[in-house]
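One structure below.
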Amino acid sequence: MHMADALLAPATAAAMYAASSVTAGISAHQLKKDDEPQKLPVMAVTSALVFAGQMINYTIPGTGSSGHLCGGMLLSALLGPQAGFLSMIVILTIQCLFFADGGLMALGANIWNMAFYGCFVGYYLIWRPILRGKGGLSTRARIILASILGCVVTLQLGAFSVVLETTLSGVTELPFGAFCALMQPIHLAIGLVEGAVTAAVLVFVYESRPALLRDVDGAGEGRRSLRATVAVLAVTAALVGGGLSLLASADPDGLEWALFGNEEAGYAANMGLDEERFGIESAAADRAAAIQESTSFLPDYAFADSDSAAGTTVSGLVGSAMVAGAAAAICLAGGFFRRKKNP
């Protein structure tokens with residue numbers, strides 16, 4: 001769902017940067033009150049895991065499209081919505097600047113579409129009410145239900161935001177109704193798969209170290225120590241980013257599929273836009289593209305001008321390490337999760 005700069009007018013892009021920046025500022029302010037030092041390594045490894053997971057596009061059968069993990073629900077269930085949102089900012093910014101994934105001018109919109117809904121709407125309206133709710137469901141069943149429902153709902157909201165943002169930008173090639181009719185169903189399917197993946201990871205954490213999950217009352221010690229649980233997640237991130245990423249589907253993701261279709265593979269043309277000539281041209285987008293070209297040393301998760309599979313492996317490992325390091329550095333610099341002294 002990473003938007004390109006051509007899908008946004010500069011004014012719309014600026015508005016989305018402002019919305020995301022305000023939310024980030026409020027989140028950072030709230031995190032300074034946190035008092036859980038163990039969250040720092042968890043934030044680092046789970047951010048790396050989400051980065052690696054986003055590299056794997058999974059095929060949506062019968063459509064010619066694919067999807068990938070967003071990760072907002074996963075991060076907010078483990079870290080809380082504020083830390084989850086800041087983690088997503090780290091992930092999306094590194095993807096944009098160093099891997100040319102998503103436009104730089106569109107970064108504010110991508111943060112809003114992929115992080116805000118999963119971290120805040122998903123947590124406050126779905127995760128917390130379900131985990132704290134009354135009834136006969138086991139905690140494991142609640143985790144699975146909240147993960148799947150949360151991912152489906154928040155991806156629907158993110159996809160609808162993409163449609164609204166392009167409409168407000170005046171992208172006339174994308175009529176509201178037709179674009180919406182393509183975006184919503186494909187992201188429903190993508191959300192179901194993401195929900196299943198998210199549920200699997202969170203059930204593992206629940207069984208290993210339930211205290212790491214938000215809103216799980218009466219959690220015991222679990223089967224593994226904090227260090228062992230973090231180590232398993234770190235190894236998983238390395239294996240996913242460095243190995244499984246080689247198996248990613250070549251089909252276009254939901255947004256690209258809606259715009260350009262997949263006629264080469266025998267599927268519909270959908271909006272049928274020319275991938276080289278569509279959307280809005282602007283001086284701001286040109287400047288953003290020039291900056292991005294100068295900073296991205298592994299564009300499209302590959303070595304420049306090379307089809308070597310090693311480029312994908314290196315991208316997964318280097319990117320995961322960068323995300324983990326940046327997340328930890330931001331926590332330390334901001335004083336997040338620091339043990340507070342009693343007055």
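The values are calculated or read from the model by the stated rules, or taken from the named source; none is laboratory data. Keep in mind that this is a model prediction, so the values were computed, not measured. Neighbour counts run over all protein chains shown; Cβ positions are idealised from the backbone, glycine included.
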Open item on the list: When you check VAL323 against the structure, is it part of a helix (DSSP H, G or I), buried (at least 18 other Cβ atoms within 10 Å of the Cβ) and either β-branched (Val, Ile, Thr) or at positive phi (or both), yes or no?
Closed with: yes
TODO: List the number of the failed condition for ALA269; all other conditions in (1) part of a helix (DSSP H, G or I); (2) within 30 Å of MET105 (Cβ to Cβ); (3) among the aliphatic types (A, V, I, L, M) hold.
DONE: (1)
Task: Hey, PHE260 buried (at least 16 other Cβ atoms within 10 Å of the Cβ), aromatic (Phe, Trp, Tyr) and without any contact (Cβ under 8 Å) to a residue 40 or more places away in the chain or not - done: yes
Task: Candidate set from the range 43-66 (those that are assigned to a helix (DSSP H, G or I) and of a type in the set (Ser, Thr, Tyr)); member that is farthest from ALA200 (Cα to Cα) - done: SER47
Open item on the list: Suppose we filter LEU69, LEU40 for residues that are in a helix (DSSP H, G or I), closer than 22 Å to SER320 by Cβ and in contact with a helix residue (DSSP H, G or I) (Cβ under 6 Å, 6 or more places away or on another chain); which single one remains?
Closed with: LEU40
Open item on the list: Need the failing condition index for VAL230 against (1) touching a Pro at 6+ places or on another chain (Cβ under 7 Å); (2) surrounded by fewer than 18 Cβ atoms within 10 Å (Cβ to Cβ), just the number.
Closed with: (2)
Task: Number of the exception - GLY62 against (1) without any contact (Cβ under 8 Å) to a residue 40 or more places away in the chain; (2) closer than 14 Å to ILE94 by Cβ - done: (2)
TODO: Kindly list, by first and then second residue, each pair from a residue in the range 295-306 that is more than 13 Å from MET322 (Cβ to Cβ) to a residue that is part of a helix (DSSP H, G or I) and at pLDDT below 95, limited to pairs with Cβ atoms under 6 Å and residues at least 6 apart or on different chains.
DONE: ALA302/GLY311; PHE303/GLY311
Open item on the list: Return the residues of the range 1-15 that are small (Gly, Ala, Ser) and part of a loop (DSSP other than H, G, I, E, B); say none if nothing qualifies.
Closed with: ALA4, ALA9
- [ ] Go through the range 202-244 residue by residue and tally those that are over 22 Å from CYS119 (Cα atoms), of a type in the set (Gly, Ala, Ser) and part of a helix (DSSP H, G or I).
- [x] 6
TODO: Please note which helices (runs of 4 or more DSSP H) are completely contained in the range 76-176 and include at least 2 residues that are free of Cβ contacts under 8 Å to residues at least 60 places away in the same chain, surrounded by fewer than 23 Cβ atoms within 10 Å (Cβ to Cβ) and within 15 Å of the chain's Cα centre (by Cα).
DONE: 139-168
TODO: Just name the residue that is surrounded by the most Cβ atoms within 10 Å (Cβ to Cβ) out of those in the range 299-320 that are part of a loop (DSSP other than H, G, I, E, B) and charged (D, E, K, R).
DONE: ASP307
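Take the conditions among the hydroxyl-bearing types (Ser, Thr, Tyr) and either within 30 Å of ARG277 (Cβ to Cβ) or surrounded by fewer than 24 Cβ atoms within 10 Å (Cβ to Cβ) (or both) and apply them to THR46. Does it pass?
no
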Open item on the list: Being surrounded by 13 or more Cβ atoms within 10 Å (Cβ to Cβ) and among the hydroxyl-bearing types (Ser, Thr, Tyr) narrows it down to one residue among SER245, SER225; which is it?
Closed with: SER245
